[in-house]
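To start, the structure itself, in structure tokens.
The values are calculated or read from the model by the stated rules, or taken from the named source; none is laboratory data. None of these values were measured; they are calculated from a predicted model. Note: ideal-geometry Cβ built from the backbone for every residue, glycine included; neighbour counts use all protein chains shown.
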Amino acid sequence: MNASIHLELLESALNDHAIVSMADAAGNITYVNQHFLDISGYTRSELLGRNHRILKSGVHPDSFYQGMWDTLLSGQTWLGELCNKRKNGDIYWVRASIKPILDDTGLPIQYISIRTDITKEKLQAQTLLTQNKQFEAFFEETTDPAMILKRGRIVHCNSAALRQFRCNDKTNMVGKSVYQLSPPYQADAKCSQEQFSEINSLALRNGNYHYEWLFLRKDGSQFNADISLTAITVNGELLLHMAVRDITDRKLLEVALQQQKEKFETLYNIARDGIAVLDLESNFLAVNPAYERMTGLSKEELLKTSCIAMSAPEDVLRSMAVLQQVLATGYVDTYEKTCIDKTGQRVIVNMSLALLPDEQHILINVKNVTSQKTLEQSLYLAKELAEVTLASIGDAVITTDMKGLVIFMNLVAEGLVGCTLDEARDKPLSSVFNIIDESSRHKVESPVDLVLRDGKMVTLNSRTLLISRDGAEYNIEDSASPIFKPDGTLLGCVLVFHDVTEKHRLLHSVRWQATHDALTNLPNRILLSDRFNSAIARAKRQNALLAVCMIDLDEFKPVNDHYGHDVGDSLLMEVASRLNAIIRGDDTAARLGGDEFVLLLNDIADMDELELVMTRVLTNKVRL
């Protein structure tokens, strides 16, 4: 069975059958269970905070209570019988076990009392003294094991005792001393024979005695018992009545509680987080070593101050509000505040608070997050600096996570892709970065996808066009690089690109001017030579004819001389236009210079087709 479940079962069993209460160091009641309320006649609110003296019946002398307190203050458990008074004035008897809970110095800070109602037993014992005729019936009918002792030996036992000790008949018990029904040594390592001899004498001398004892059954098993010895006179003879109550479950519970206490104390002392117990006004009552290290104050110094008093000025009112919330709801999961340590330094902490079951104390757990907050602030500033830097550079910059979703985009990038960062954030890069090949107009694979797939830097070719959201087209040059964590894990990608549209326009213009006539825009010698070589290769492959026609203008020089060069230039441009209009799509009309032109005619079927083309050229008159 799970240890915690077993502990809960033991606690439940104890509460079901025992009268349980707790008190502080002054004897003021801090907890009572339902059995306590039932037997005393008081309500919980009437008892909590009141001293146990409210139950005094006046039966016991002051010396009785003084002896009880002497035992408790020495750190020992007090065992005995108490006569208490109910709220209505009636008297009742209990058998009590009061255990002090000690602090680090050995002084009691709390008392746990477990009682059982023995009023009936007391009345029955009195009946034994006054009604000898009814003694045997009572003795036999009582549910608790009971024995009659004479000079330390058993002279009578009831059926419950036989069952408890697992004996077949009374001959297994009668005539034996109590120590003969016990292991050689008790739990405290004392000799059973010697210890019981002392107890027997004390009970006869004082009239009663209450103690705990370890018994040995006939089958060899052991059990813990709560023993009450009462001196009685039967037929003029002084005997001892022994009532035996099996407390094995209670002892197991005590062991479990002690183990839990030791476990908690170990965790309490070795915990890296600060742990403290406060009263309802936030005064420190207990602190662990981690709390001392966190604040720089010793335990003694902390116990003289409060949690709120250690708050930074700006957090005092909020801390007071949190304290009220704890008292109202029972807990505050976590909240962040700033404390001031012994040196005056500010310490940022995450604090959790819980009201303990006695509703008189608050447990707090405090984690120092100063370094974490400092790091977060540094990272935030670094991020802001990086974003400001990226926003101010001339290149467009887009960063993505490892899934290719947009994280950041500077203003230059916003202008080129045609959308804002807010519109693009957490969306796939492909939804805002649309690129195609300038020549084929086919879509180009995203460089970010390549980087995230291969983990290497990627550069686009020079023919890449970016299509903006508004339809504008930009020639771009870009590079995409992976972003790695220190451990080598891929974190994302950064894409850097810039607009080279004007550069491409200038390059295109230079290439055009290098291969075309400036006046007529016809191909020049260079482009004609290139196309001539291509045409020859094509004709060879296709076994076709091609024709080269040289054309010059008659009497062109007198035109320049008589009408001027502007008219001559106009004539040359008109000739170029007419030639372009006459030739086919695969043919070339070029200007060699001056008034000389060349026609490169591809795929000529025969000489008749060539003659038709030339006839169109020669009969096409130019008028200025």
Select, from GLY175, GLY152, the only residue that is loosely packed, with under 15 Cβ neighbours inside 10 Å, over 60 Å from the mean Cα position of the chain (by Cα) and assigned by TED's automatic domain parsing to the domain that holds ALA203. GLY175
Check GLN259 against each of (1) on the phi > 0 side of the Ramachandran plot; (2) modelled with pLDDT of 80 or more; (3) not aliphatic (A, V, I, L, M) and name the one condition it does not meet. (1)
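Return yes when VAL347 is assigned to a strand (DSSP E or B), over 18 Å from VAL277 (Cβ atoms) and touching a helix residue (DSSP H, G or I) at 6+ places or on another chain (Cβ under 6 Å) and no when it is not.
Details: assigned to a strand (DSSP E or B): yes; over 18 Å from VAL277 (Cβ atoms): yes; touching a helix residue (DSSP H, G or I) at 6+ places or on another chain (Cβ under 6 Å): yes.
Considered against the rule, which asks whether it is assigned to a strand (DSSP E or B), over 18 Å from VAL277 (Cβ atoms) and touching a helix residue (DSSP H, G or I) at 6+ places or on another chain (Cβ under 6 Å), VAL347 comes out as yes.
Which residue is nearest to ASN28 (Cα to Cα), if the candidates are limited to the stretch 102-119 and must be of a type outside the set (Ser, Thr, Tyr) and surrounded by 14 or more Cβ atoms within 10 Å (Cβ to Cβ)?
Among those that are of a type outside the set (Ser, Thr, Tyr) and surrounded by 14 or more Cβ atoms within 10 Å (Cβ to Cβ), it is GLN110.
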Free of Cβ contacts under 8 Å to residues at least 40 places away in the same chain, among the hydrophobic types (A, V, I, L, M, F, W, C) and surrounded by 15 or more Cβ atoms within 10 Å (Cβ to Cβ) - does that describe any residue in the stretch 587-609? no
Got a sec? Which of ALA535, ALA544, ALA514, ALA539 is without any contact (Cβ under 8 Å) to a residue 24 or more places away in the chain, closer than 30 Å to ASP603 by Cα and either outside the structural domain of ASN602 (by TED's automatic domain parsing) or of a type outside the set (Asp, Glu) (or both)? ALA514
On the given criteria, is SER570 modelled with pLDDT of 80 or more, over 13 Å from THR588 (Cβ atoms), in a helix (DSSP H, G or I) and polar (S, T, N, Q)? yes
Among SER439, SER462, the single one that is in a loop (DSSP other than H, G, I, E, B), under 19 Å from ARG505 (Cβ atoms), at pLDDT below 90 and touching a strand residue (DSSP E or B) at 6+ places or on another chain (Cβ under 8 Å) is SER462
Flagged pairs (Cβ under 8 angstrom, 6 or more apart or on separate chains; first in the stretch 313-327, within 20 Å of VAL347 (Cβ to Cβ); second assigned to a helix (DSSP H, G or I)) are VAL316/ILE308; SER319/ILE308; MET320/ILE308; LEU323/ILE308
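Can you report the number of residues in the stretch 465-512 which are assigned to a helix (DSSP H, G or I) and either closer than 18 Å to SER431 by Cβ or touching a strand residue (DSSP E or B) at 6+ places or on another chain (Cβ under 8 Å) (or both)? Lay out the reasoning, then the answer.
Initially, the stretch 465-512 is screened for residues assigned to a helix (DSSP H, G or I), giving 501-512.
So of that shortlist, the ones also either closer than 18 Å to SER431 by Cβ or touching a strand residue (DSSP E or B) at 6+ places or on another chain (Cβ under 8 Å) (or both) come out as 501, 503-504.
Number of matching residues: 3.
Would you point out which residue out of SER306, SER282 is without any contact (Cβ under 8 Å) to a residue 40 or more places away in the chain and among the hydroxyl-bearing types (Ser, Thr, Tyr)? Steps first, answer last, please.
Working: SER282 fails: without any contact (Cβ under 8 Å) to a residue 40 or more places away in the chain.
None of the others qualify; the one that does is SER306.
Residues to consider are ASP426, ASP470; find the one that is surrounded by fewer than 16 Cβ atoms within 10 Å (Cβ to Cβ), closer than 15 Å to VAL494 by Cα, at pLDDT 85 or above and acidic (Asp, Glu).
Working: ASP470 fails: closer than 15 Å to VAL494 by Cα.
Among ASP426, ASP470, only ASP426 is surrounded by fewer than 16 Cβ atoms within 10 Å (Cβ to Cβ), closer than 15 Å to VAL494 by Cα, at pLDDT 85 or above and acidic (Asp, Glu).
For the stretch 409-433, which positions are under 35 Å from the mean Cα position of the chain (by Cα) and among the charged types (D, E, K, R)? Step through it out loud before you land on a result.
Residues of the stretch 409-433 that are under 35 Å from the mean Cα position of the chain (by Cα), as a first pass: 409-410, 420-431.
Passing the criteria: ASP422, GLU423, ARG425, ASP426, LYS427.
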Residues within the stretch 208-227 that are closer than 20 Å to GLU254 by Cβ and of a type in the set (Asp, Glu), tallied: 2
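Can you find, within the stretch 554-576, the residue that is surrounded by the fewest Cβ atoms within 10 Å (Cβ to Cβ) among those that are among the small types (Gly, Ala, Ser) and either outside the structural domain of LEU522 (by TED's automatic domain parsing) or touching a residue at least 24 places away in the same chain (Cβ under 8 Å) (or both)? Even if it seems obvious, please write down each step before you answer.
First pass over the stretch 554-576, keeping only residues among the small types (Gly, Ala, Ser): 564, 568, 570, 576.
Next, only the ones that are either outside the structural domain of LEU522 (by TED's automatic domain parsing) or touching a residue at least 24 places away in the same chain (Cβ under 8 Å) (or both) stay: 570, 576.
On the way: SER570: 16, ALA576: 19.
In this case the residue turns out to be SER570.
Would you point out which residue out of ASN15, ASN51, ASN84 is modelled with pLDDT of 90 or more and either over 27 Å from GLY207 (Cβ atoms) or within 44 Å of the chain's Cα centre (by Cα) (or both)?
Values: ASN15 fails: modelled with pLDDT of 90 or more; ASN84 fails: either over 27 Å from GLY207 (Cβ atoms) or within 44 Å of the chain's Cα centre (by Cα) (or both).
Sole residue among the options that is modelled with pLDDT of 90 or more and either over 27 Å from GLY207 (Cβ atoms) or within 44 Å of the chain's Cα centre (by Cα) (or both): ASN51.
Given the criteria part of a helix (DSSP H, G or I), touching a residue at least 40 places away in the same chain (Cβ under 8 Å), in contact with a helix residue (DSSP H, G or I) (Cβ under 8 Å, 6 or more places away or on another chain) and crowded, with 16+ Cβ neighbours inside 10 Å, does LEU579 qualify?
On the way: part of a helix (DSSP H, G or I): yes; touching a residue at least 40 places away in the same chain (Cβ under 8 Å): yes; in contact with a helix residue (DSSP H, G or I) (Cβ under 8 Å, 6 or more places away or on another chain): yes; crowded, with 16+ Cβ neighbours inside 10 Å: yes.
Considered against the rule, which asks whether it is part of a helix (DSSP H, G or I), touching a residue at least 40 places away in the same chain (Cβ under 8 Å), in contact with a helix residue (DSSP H, G or I) (Cβ under 8 Å, 6 or more places away or on another chain) and crowded, with 16+ Cβ neighbours inside 10 Å, LEU579 comes out as yes.
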Note down all Cβ pairs under 6 Å where the first residue falls in the stretch 479-495 and is in the same structural domain as ILE398 (by TED's automatic domain parsing) and surrounded by 18 or more Cβ atoms within 10 Å (Cβ to Cβ), the second is part of a strand (DSSP E or B) and acidic (Asp, Glu), and they're at least six residues apart or on different chains. GLY492/ASP401
Tell me which residues, restricted to the stretch 504-553, are closer than 30 Å to LEU466 by Cβ and exposed (fewer than 12 other Cβ atoms within 10 Å of the Cβ). ARG505, LEU506, HIS508, SER509, VAL510, ARG511, GLN513, ALA514
Whether any residue in the stretch 264-274 is at pLDDT below 90 and either in a strand (DSSP E or B) or over 48 Å from the mean Cα position of the chain (by Cα) (or both) is what I want to check. yes
Residue under evaluation ALA276, criteria (1) surrounded by fewer than 17 Cβ atoms within 10 Å (Cβ to Cβ); (2) within 18 Å of LEU353 (Cα to Cα); (3) among the small types (Gly, Ala, Ser), criterion not met: (1)
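Restricting the search to the stretch 358-380, which residues are modelled with pLDDT of 70 or more, charged (D, E, K, R) and over 24 Å from ASN28 (Cα atoms)? Steps first, please.
Of all residues in the stretch 358-380, those modelled with pLDDT of 70 or more come to 358-375, 377.
Narrowing further to those that are charged (D, E, K, R): 358-359, 367, 373.
Within the stretch 358-380, LYS367, LYS373 qualify.
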Restricting to the stretch 18-33, name every residue that is farther than 19 Å from THR116 by Cβ and either modelled with pLDDT under 90 or outside any strand (DSSP E or B) (or both). ALA25, ALA26, GLY27
